[in-house]
1. Identify all residues within the stretch 240-268 that are part of a helix (DSSP H, G or I), buried (at least 16 other Cβ atoms within 10 Å of the Cβ) and charged (D, E, K, R); write none if there are none.
2. For the stretch 546-557, enumerate the residues that are part of a helix (DSSP H, G or I) and either closer than 18 Å to Thr589 by Cβ or modelled with pLDDT under 85 (or both).
3. Please give the number of the condition Pro494 fails out of (1) open to solvent by 40 Å² or more (accessible area, probe 1.4 Å); (2) assigned to a loop (DSSP other than H, G, I, E, B).
4. Please indicate, with yes or no, whether at least one residue in the stretch 223-239 is over 30 Å from Pro323 (Cβ atoms) and part of a loop (DSSP other than H, G, I, E, B).
5. Checking the conditions here, which among Arg545, Arg597 is farther than 30 Å from Asp674 by Cβ, more than 39 Å from the chain's Cα centre (by Cα), surrounded by fewer than 21 Cβ atoms within 10 Å (Cβ to Cβ) and of a type outside the set (Val, Ile, Thr)?
6. Taking the options Glu321, Glu310, name whichever one is of a type in the set (D, E, K, R) and outside any helix (DSSP H, G or I).
7. Being open to solvent by 50 Å² or more (accessible area, probe 1.4 Å) and under 22 Å from Ser465 (Cβ atoms) is the requirement here; does Leu565 meet it?
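The values are calculated or read from the model by the stated rules, or taken from the named source; none is laboratory data. On a predicted model such as this, the values are computed, not experimentally measured, just so you know. Positions of Cβ are generated from backbone atoms using ideal geometry, with glycine treated the same way; all protein chains shown enter the neighbour counts. Accessible surface is based on the protein model in full, side chains and every heavy atom, while ligands, DNA and RNA are left aside. Shrake-Rupley method; radii C 1.70, N 1.55, O 1.52, S 1.80 Å.
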Amino acid sequence: MQNVLLVLGGALLAIAAIAFTVVSWGSMGIGGRSAVLAAITLGALALPALLLRRGLASTAEAIAAVGLLLTVLDAYALHSAALPDTDPLTFAAVTAAALATLWIAYGLLLPGLHLPLPAGAAAAQLPLLLWWAASDAGPHLLSAALLTTSAASTVAALWITRLPVRVTAGVGAVATGVLGLLAATGLILDAQTPEAAGEAGAHLLFAAAIALFAAWRTPRTELAVAAAAFGSLAVLLATGGVLRTSLPGDWALVTELLCSVALLSLVRSTLPRPIRRGVAGTSAAALGLALVWTLPALGASVVGPAGQLEEVWSGVTVREEVPGADGLAVVVVLLIVAAVLAASYRLAERRAWRPHAAVGAATTLWAALAVLPLSLRLTGLALLATHLVLAALALTAAVSVARTAPQPDADAPAPGAGGVRPEPEVSQPGAAPAQARAGGTAPRPARALATAALACFFASALTASLLSLATEAATFTALGMLLALAISATVLHPQDTRQSVLAVTAVPLTAGLAIAVTAALELPTHQIAFALLVIPAATALTGARLRALPYALLVELAGAAVGALALAFAAGDTPTLSLTLALAGLIATATALRADRRPAAAYTAGALFLLATWVRLAASDVTTPEAYTLPVTVPALVIGLLRRRRDAEASSWTAYGPGLATTLLPSLAAAWGDPHWLRPLLLGSAALIVTLLGARHRLQAPLTLGGLTLALVALHELAPYVVQVVGALPRWLPPAVAGLLLLTLGATYEQRLRNARQLRELMGRMR
C-alpha cells in the first residue's frame, strides 16, 4: 500500500508540474513560472538526501523521480523564456547531454537512490541522434552517430558495476547498435561504386569491432555468443557489399561464402569458446542462406523437365534454365557448402550432429552435380545420360555404404542348427562388442548417408524419367536402365528398410514400361489394363517365391496398386472393365491358395468376381439381372447351408453373404431406376423374408443385407411423397425442429449430469 500511495503521489505531482509549466497558471508569466519551477526543482533534488538519512528510501526515490522530471521541465522553461530563437533540435541535443551528465552526477552523489543513474544512462543515448537530426546530415552521419553511441554505451555497460545501470546501458548499446548496423547495411546496399561501398563497409567494421569487444569482455556466455554472432555478421556484410560492386553477377555471393568459410575456420582457433560459437553460428547461417539461394536452380533441374509431359514423344526436349542466377555460380556455391560439411564430418568426432553433416555433404554434392548439366546448357541425350549416370552413382553409393556397414535394423541372425539361435557373445571389459567388430552394426552416420544417397537416386531417377519422355527410344532406355538398377540394388542391398523401398520401386518402373509398350503399339487406352494386369500377377508369384524376405508383402501391395490403376484405365470401356475385374479376381484367387494370404485375398477375389458380373450385365444392357443372378444365388446359398451344417461356428458372411449379395445388390440397383411397381414389390418382399430369417436364426449377413435392401427400397418408393411433403412445409419448420431437438438433447444431458451429481453427493454421505 505504501508503494501504491507513493507512485500515485509522484504521478500527481508530475502531472501538476507539467500543467504548471506548459499551461499558464493564473496571471504568472513564463519567467515567473520558470523561477518558481527552478526553486521547486532544487528543493525536490535536495529533499531526498534528508529522507535517506532518516531511512525513508522509498519516499526519497519518489521525490527524486519528481525532481528529475522537473529538470526536464526546467529545460523546457529555459528554452521558452530565455532562448526562444534557438533551434529546438539543437537545444534538445545539448539539453539531453546536460541532463545525462547532471543525473549521473546526482546518482553518484546520492548512491542510495536507484533511479538517477539508469535515467542518466538512458538520456545519454539521445544527444548524438538529436544532433544528427538537427544537422540535416546524410545517412552516413546517422550510422556514425548510432554506432558511436553504441560504443559508448557498451563501454559503460562493461565498466559500471551497478546492475540497473548496466542493464540500461546494455539495452541502449544493443538498440543503437542494431539501428546503426541497419543503417550501414542500407548504405552498402545502395552503394554503386567500390569507394562508396568501402565507406559503408568501414561503418560495418566499426560495428563489428564494438560487438567483438563486447563479446571479449562480457562475463555472460549467452551475451558473448550473441555479440560475436553480431560482429561476424557485420564483417560478412562489409565484405559482401564491397565485393558486390567489384565482381560481376552472382560471383560476389561465391566470394562472400568463401569469407564465411574463412570465419568458420576460427572455430579451431584459440579464441574464447563463446566467440567461436557465435562466429560459427553466423557462418552456418550464411551457408544456410546460400543453400536457400540455390533451391530455385535445384528445383528447375529436378522437376523442371515436367514440362515434357505436354510434349510426350515429340522428339523435342523441353529446355530449362537456371532461374535468376548464374548456373556455374550455383554449382560452385553447392560445392563449397559440400566441402565445408565434409570437413565438419571429418573433424566432428563423436558429435551428435555428425550424421547430419554427412547427409548434408552428400546431398549438396549431388545437388551440385544435378545442377551442373543445366548450367552447361546440355540438351537432349546428353542431359538424359548425365542424370542416368548420376542416378546410378547415387544408388551405387547407397548400396556400397550399406554393404560395408550393415544396418542394425536388419533381420536378426538366422537360427543355428536345430532351429536354436546362437547365444550372444559376451564382450569383455574394454573390448568392442562382437557385432561391431564383425561389422554388424552400422554407425549412425553410415545409415544416414545411405538413406541420403537413396533419396538422391530417387530425385535423379525422377528427372531422368521426365527427360526420357522426349522420344520413344529414350523412354524405353531410361526406364529399362532404372528398372535394372532397382532390381540389382535390391539383390545386393542388405535386408533392411531401404532394400524394401528399392524392391517396391521396381514395380512402378515396370508399370511405366508396360504403359510405354502399349503406347508404342498404338493400342486403345482401355487395353493398357491388360498389360498392367501382368504386374500384379508377377508380384503375386514373386511374393510366393520370396515370402521369407521382408519386402515380399510390400511388393505384392505395390502390385495390387498397379492392378487398381489397370481398373482405372479400363473404366472407359465397360466390357473391358468386366474382363479386367474377372482377371483381377483370378489373380486374387490364385493368391488365396497361400495360407498366409487366404482371408484377405479370398474376400477380394469374391468382390472382384461379383463386380465383374455386375459390370458385364450393365455392358450387355440387361434390364432383368435376376435371370442371371438367381441361378448363381440358389446354389451359393445351398453351399452355404451345407457349410453351416458342418461347421456351426462358420460366419454367416462366409456362408450366405456372397450368394445374397449376388442377387440383392444388382436387383436393388435396377429397382432404383425402374419406374414401375412390380420389381420394387418383389424385391422388398424378398428382402423382408431374408431379414426375418436372419433375425429368427440370429444370422448377421441375412439380417444386414436384407434390412439394408428393404430400407433402400422403401426409401425409393417413398421419396416422391417425401419430396412433396417437404415442399409443402414452411421453410422455417426444419430449423425449428432441429433446434427443439438440440434443446431436448441438452436438457436430457443436463438432467443426466444432475443425477450424476446427486449420486456423487449420496455416495459421499455414506460411511
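1. Passing the criteria: Arg244, Glu256.
2. Answer for the stretch 546-557, where residues must be part of a helix (DSSP H, G or I) and either closer than 18 Å to Thr589 by Cβ or modelled with pLDDT under 85 (or both): Glu556, Leu557.
3. It is condition (1) that Pro494 fails.
4. Within the stretch 223-239 (the criterion being over 30 Å from Pro323 (Cβ atoms) and part of a loop (DSSP other than H, G, I, E, B)), the answer is no, since none of the residues qualifies.
5. Answer to the check: Arg545.
6. Answer to the check: Glu321.
7. For Leu565, the condition - open to solvent by 50 Å² or more (accessible area, probe 1.4 Å) and under 22 Å from Ser465 (Cβ atoms) - is met.
Each row is one residue, and each column tells you yes or no for (1) surrounded by 18 or more Cβ atoms within 10 Å (Cβ to Cβ); (2) charged (D, E, K, R); (3) out of contact with any Ser or Thr (no Cβ under 6 Å at 6 or more places or on another chain); (4) more than 20 Å from Phe458 (Cα to Cα).
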site: Leu289; (1), (2), (3), (4): no, no, yes, yes
site: Leu298; (1), (2), (3), (4): yes, no, yes, no
site: Ser301; (1), (2), (3), (4): yes, no, yes, no
site: Gln308; (1), (2), (3), (4): yes, no, yes, no
site: Ser314; (1), (2), (3), (4): no, no, yes, yes
site: Glu321; (1), (2), (3), (4): no, yes, yes, yes
site: Val331; (1), (2), (3), (4): yes, no, no, yes
site: Leu334; (1), (2), (3), (4): yes, no, no, no
site: Ala339; (1), (2), (3), (4): no, no, yes, yes
